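The block underneath contains the structure these notes are about, expressed in structure tokens.
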Amino acid sequence: MKVVIATRLFAPEVAAAAFRLKALADGFADAGHQVTVLTTTPPKFAVPQAFPRFDVRRWPVLRDAGGNVRGYVQYLSFDGPLAARLLFTSADVVICEPPPTTGVVAAIACLLKRKPFYYYAADIWSDALVAIGAHKAVVGVMRGFERFALRRARGVVAVSDGVAERVRELGVPADRVRVVQNGVDTSTFHRTEAEPVPDGKGYFVYTGTMSEWQGSDVFVRAMPAVLAKHPDVTLRFFGQGTAEKALRALAADLAPGRVEFGGVVPPAEAARWISGAVGSLASIVPGQGYDFAKPTKIYAAAACGTPMLFAGVGASAELINDNKLGLVAEYTPEAVAEQMLALLDGHAVDRDHLVSWVGENASLATTGRNAARWVAEDLGQA
């Protein structure tokens, strides 16, 4: 088949969606299909990468101050040209990622060309807007776009059971939804003995997006209690997001000099920092409609042999507890500090188990092949 993948994020950008779509493209290429990726020109700081097995076509796009395609104007700068790009690109099938506006563009273009399209649902965009307290009108419009895109899709690939359930609640028949569990690129995220900190002092690491619904400020608020017993420990953030400015201000107030922000780093460097950490951190503010999410950083931490400390409830907490991937804390500074101290004080961690579990259950290469196989089988092209 001629497969077209439409996504605003693609390698070499450092983002879960970029890794996931690269794995999907690899999955189709492995099966002998012709793959074209319609994406954006990467930010200047991205490390160049070649893709000899498929055709990657890039288009300039507006980015925010941090280099992200995030915000309605930025989305429009991708979605607008995408409409014409899809109409004039030969395809047997189109697969697109969120935001829902991209799904609407793909749905209409494929309707006009009488071609099937699939929606890769890594999350439910309108739920995220509710979680961050967006205006009801904005949520309503985006919910409408999301319903339209999901219902028009021939099939929806969901990254978890929780996402699949929400997709069905938005009106997609169960037989058109396939769960393909998320994963991590184990060729990049793997255990290394290299020590990133010259003095060897302990640190916790948070990698990826810092947004309001994730609530990573809970770790900064826990630091005073942690520092009272371990004054040399540090908390290191790598990534960016809408909450970064507030996090910096909070850190300067509560733990001056003990919280560091390293910005966006290449995946291999992130893996090195995760490997050397006492624990990797993730959080989701409970009760905002996003408790079904499973952050990719959970898999990245396990792949690097580092225990995860998750603050929150729901699917992520169950994933970690059921598979012994680390510790879970209630979403309070006190509970988080208690678990951070447990890791610092020698909580038993079977790092070999973490690495082997990811290899068997959460390899992104397997995820890409499984998603590509389902689409091909659904179209009778397997």
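General observations
- Pairs with Cβ under 6 Å, 6+ apart, first in the stretch 113-124 and outside any loop (DSSP other than H, G, I, E, B), second at pLDDT below 95 and not aromatic (Phe, Trp, Tyr): Tyr120/Glu97; Ala121/Val163
- Restricting attention to the stretch 24-55, the residues being in a strand (DSSP E or B), farther than 20 Å from Ser77 by Cα and aliphatic (A, V, I, L, M) number 1.
- Scan of the stretch 326-350 for residues that are hydrophobic (A, V, I, L, M, F, W, C), touching a Leu at 6+ places or on another chain (Cβ under 9 Å) and farther than 20 Å from Val218 by Cα, ordered by number: Val349
- Filter pass, Leu309 being buried (at least 21 other Cβ atoms within 10 Å of the Cβ), part of a strand (DSSP E or B) and not aromatic (Phe, Trp, Tyr): yes
- Pairs are defined by a Cβ separation below 7 Å, a sequence spacing of at least 6 or placement on different chains, a first member in the stretch 315-340 that is at positive phi, and a second member that is at pLDDT 95 or above and among the small types (Gly, Ala, Ser); the pairs so defined are Gly326/Gly279.
- In the stretch 325-382, of all residues being β-branched (Val, Ile, Thr) and crowded, with 17+ Cβ neighbours inside 10 Å, the one that is modelled with the lowest pLDDT corresponds to Val349.
- Residues satisfying the stated conditions in the stretch 156-175, i.e. free of Cβ contacts under 8 Å to residues at least 40 places away in the same chain and surrounded by fewer than 17 Cβ atoms within 10 Å (Cβ to Cβ): Arg168, Glu169, Gly171, Pro173, Ala174, Asp175
- In this structure, Gly133 qualifies as assigned by TED's automatic domain parsing to the domain that holds Ala15, farther than 30 Å from Ala271 by Cα, out of contact with any strand residue (DSSP E or B) (no Cβ under 6 Å at 6 or more places or on another chain) and at pLDDT below 95.
- Residue match in the stretch 108-121 (condition: surrounded by fewer than 16 Cβ atoms within 10 Å (Cβ to Cβ) and aliphatic (A, V, I, L, M)): yes
- Checking each residue in the stretch 138-183 for being of a type in the set (A, V, I, L, M, F, W, C) and either part of a loop (DSSP other than H, G, I, E, B) or not assigned by TED's automatic domain parsing to the domain that holds Ala106 (or both) picks out Ala153, Val159, Leu170, Val172, Val180.
The values are calculated or read from the model by the stated rules, or taken from the named source; none is laboratory data. If you're wondering where the values come from, they're calculated on a predicted model, not measured in any experiment. Quick reminder, even Gly has a Cβ in these numbers, built from the backbone with ideal geometry, and neighbours come from all protein chains shown.
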